[in-house]
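Comments concern the structure below.
Laboratory data are not the source of any read-out in this text; all were calculated from the coordinates shown. Since the structure is predicted, the reported quantities are computational estimates derived from the model, not experimental observations. Positions of Cβ are backbone-derived with ideal geometry, glycine not excepted, and every protein chain shown enters the neighbour counts.
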Amino acid sequence: MIRLAISKGRILEQAINTLEKVDIICEVNPFNTRKLIIPTNLKNLEIIIIKASDVPVYIDSGTIDLGIVGLDTLMEDGKNNHFRLHDMTISKCKLVVAGKAKKKYFNNMKVATKYPRIAKKYFENIGFQCSILELYGSIELAPVMGLSDFIVDIVETGKTLKENGLKEHDIISNVSSLLIANKVSYKIKRKEIDLILDKVNQ
Ligand code: PRP
């Protein structure tokens, strides 16, 4: 049996669509169930729906063989104890620093983010110290309300920044979703995994 974890949220819909195009079909509609383990039309493949940040934990531990997860999540996790098999080229967005238009970086500025490791590393690399405020959603609110000076967040259409009067200052990385594999699973289940990989490569 091959288990494939897919990140909940914005990745899930596009990943399911991509799999459907290559005839990997869920037997239960993942958007209309509370089931977390979804059988597919391939007898040896189950899809597991997981919160994005938990995907690397399941894959790196070998509990789940394959995962579809954003590069942002992998960068934040930072452990990289898995193989990156394929860029699914879905859920494309970018990780950026944003804030009010005229604001300039300064030492000890406050940065709000869901990505504390990425943010800290980015500002260290460009020579600024900052204090990180870890938030869990609606990050754009922080500079608007005066909680932080900047944010590090993902931007897809740019609509949220624009509608809240914020501006992109720097791009940290372009992001898309990758298919990753547990290293041991990829050795001992190579044939089965390669069959799935061939399909998504079509
Ligand atoms: C993400 C991100 C931004 C928004 C960007 O949030 O954190 O807030 O999408 O998208 P846009 O550039 O297309 O406007 P998400 O929708 O995942 O919700 P969250 O804020 O609750 O994390």
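Seen from all directions on average, the chain presents a Cα convex hull projection of 11.8 nm². With unit charges on the beta carbon (Lys/Arg positive, Asp/Glu negative), name the residue among N29, P143, S91 whose Cα is farthest towards the positive pole of the charge dipole of the chain. Result: P143. Legend: calculated FRET efficiency, S131 to R84, from the Cβ-Cβ distance at R0 = 41 Å, rounded to 0.05, equals 0.80. Sparsely packed loop sites in the stretch 114-171 (the GluC sites (Glu not before Pro) outside DSSP H, G, I, E and B with at most 14 other Cβ atoms within 10 Å) comprise E156.
Among the chymotrypsin sites (Phe, Trp or Tyr not before Pro) within the stretch 63-128, those in coil by DSSP and having at most 15 neighbouring Cβ atoms inside 10 Å are F106, F128.
Between K8 and L147, the modelled label-to-label distance comes to 2.0 nm, taking each label 7 Å out from Cα in the direction of the beta carbon. With a Förster radius of 22 Å applied to the beta-carbon distance between N17 and N201, the computed FRET efficiency rounds to 0.85. Assign one of three labels to the stretch 93-175, namely rounded, prolate or oblate, based on the Cα gyration tensor with a ≥ b ≥ c the square roots of its eigenvalues; rounded applies when a/c is under 1.5, prolate when it is not and a/b is larger than b/c, and oblate otherwise. Verdict is rounded for the stretch 93-175.
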